[in-house]
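Below is one structure; the comments refer to it alone.
Every read-out reported here was derived from the displayed coordinates using simple, explicitly stated rules and does not represent laboratory data. In this text, all values refer to a predicted model and were calculated from it rather than measured experimentally. FYI the Cβ positions are ideal-geometry reconstructions off the backbone, even for glycines, and counts take in every protein chain you see.
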Amino acid sequence: LYEKLGGMTGTANTEAAEFGDIYKLEVVEVPTNVVIARKDDDDEVYRTAHEKYVAIIEVIKDCSERGQPVLVGTTSIEKSELLAEMLKQAGLKQKDFSDPAAFSGHGHEKSFAVLNARYHEQEAYIVSQAGVPGAVTIATNMAGRGTDIQLGGNVDMRVAQELQHLPDGPERAEAEARIRAEVAEMKQKALAAGGLCVLGTERHESRRIDNQLRGRSGRQGDPGRSKFFLSLDDDLMRIFGSDRLDGMLQKLGLKEGEAIIHSWINKALEKAQQKVEARNYDMRKNVLKYDDVLNDQRKVVFEQRLDLMNDADIAETVEDMRHSVITDLVAKYIPENSYPEQWDVKGLDFAVRDVLTLDLPVEAWAQEEGIAGPEVTERIIRRADEWMAGKAGQYGPDLMRYIEKSILLQTLDHLWREHIGMLDHLRQVVGLRGYAQRDPLNEYKS
């Protein structure tokens, strides 16, 4: 559909092979404007999820006390709320955004905010304040993406939030200057504390998602830190072979609360992620083969639709379609080279009234001596053309062309949506043809 294809993202490098194989696109890495000052620590691996969360909470408490903002990434709403509950038990208070004081930009000590689909209405504010010294933010993968976390807080968001009821004037200007000075001071405190600390509660199947989480810290040369905490209960660790690893850790005498930290674990996990990515890539490539079939049809339909849009007068197209419909309709009830006794005259009479909305003496025509199917077709076409000519005279040629084009485009779009739905259903069940030793893709094409 597109002659040129391109895009920009911060995490395309891990998917370079897929972009090259499927889309024939080369991935070019653009150097950062300033050197990345973020420190990416080695992963910590614990035996159980509980031990992992206890370790995460200790790091959160330490960062918060030192005034370092913390962003904790989770893989689901349930896990973000589990961590939130454990933070409450550890003495931190969850921000209540129904309280106007929560929007004041102060009071981040000993408190935390949860950013997930349940709190989407407060998303902009939570992200804007996630870089304030001591702020603790728990976020799911999708929450807050595409928004920079600014150290010290987002000054524009604070001005808009806190001064929304204050009219322009000296008082507002003074208040805005005060807020800007506060944000600048808090930024220096956050920088002195080490910048944004990003903590991952587990590795994802895709390295790209992990890189997106890491990339929230250390923007534009700011200092920062990232670290992932894992347990043998994590989904990726199960793929990695957590049962065997658990037995090995027990033999080594690993005590409760102790973690394994080593660079070889990071490399081994990265290989496990690559295996999962390769499996997912094969699945997507298989889906793409089916989509190529649909894409060929899509090109034909879109080309036809574009022709209809560009044609100033589609009267001839509509006429050809009308004649074709009538010819097929008559052939259904009056088969070619058939005897009059074989004709379904009543069925044709009903179809003409139902489909064409024309009241014609079809039964009387069929009783005429020597009449044949082609003549019946010709009479119906002539009457239909006369009816359309009458409507054109009634509405005027311009309005008639507009009505024809609108109805034709709406009908085409409706039928195309139905066709896509049927193909989608077919794609879901066509795999069963493999049991009959048939190639599902060839069956889908046919």
Report task. Rank ASN211, ASN116, ASN310 by mean-square fluctuation in a GNM of the chain with C-alpha springs under 10 angstrom and give only the top-ranked residue. Result -> ASN310
Query - Under 23 Å from LYS405, Cα to Cα: lysines that are on another chain or at least 8 residues apart - result: LYS299, LYS391
Query - Overall Cα dimensions of the chain - principal axes, largest extent first, Å - result: 103, 71, 42
Report summary line: Over the stretch 183-335, the quotient of the Cα radius of gyration and 2.2 N^0.38 Å is 2.01
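Using a Förster radius of 41 Å, what is the FRET efficiency between GLU258 and GLU65 based on their Cβ-Cβ separation? Nearest 0.05, please. Before the final figure, lay out each step's value.
On the way: r = 23 Å, r/R0 = 0.57.
It comes out at approximately 0.95.
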Query raised in the report: lysines near LYS346 by alpha-carbon distance under 17 Å, same-chain residues fewer than 8 away left out - which ones?
Result: LYS332
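Direction-averaged shadow area of the convex hull around the Cα atoms of the stretch 1-92, nm²?
Mean orientational projected area (the stretch 1-92, Cα hull): 10.2 nm².
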Query raised in the report: How much net charge surrounds ARG383 when only the other residues with a Cβ under 12 Å from the Cβ of ARG383 are counted, with Lys and Arg +1 and Asp and Glu -1?
Result: -1
**Report entry** In degrees, nearest ten, helix 242-251 long axis to first principal axis of the chain (Cα)
**Finding:** 20 degrees
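Suppose every K and R has +1 on its Cβ and every D and E has -1 on its Cβ; what is the size of the dipole of the chain about the Cα centre, in Debye to the nearest 20? Could the numbers behind the result be given before it?
Working: 58 positive and 77 negative charges, 478 e Å.
The calculated dipole for the chain is roughly 2300 debye.
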**Report entry** 14 Å beta-carbon shell around GLN89, net charge (K/R +1, D/E -1)
**Finding:** +1
**Report entry** Sorted peptide list for 265-276, 422-433, criterion being average Cβ within 10 angstrom, highest first
**Finding:** 265-276, 422-433
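Ranked from highest to lowest mean number of other Cβ atoms within 10 Å per residue, what is the order of the peptides 350-356, 301-307?
350-356, 301-307
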Query raised in the report: What's the angle, to the nearest 10 degrees (0 to 90), between helix 49-66's Cα axis and the longest principal axis of the chain?
Result: 60 degrees
Query raised in the report: Helix 170-192: angle to the longest alpha-carbon principal axis of the chain, degrees 0 to 90, nearest 10?
Result: 70 degrees
Query - Sequence-distant residues sharing a close amide H with VAL136 (under 5 Å, placed H) - result: VAL70, ALA113
Requested in this report: Divide, for the stretch 319-395, the radius of gyration over alpha carbons by 2.2 N^0.38 Å, where N is the residue count.
Outcome: 1.09
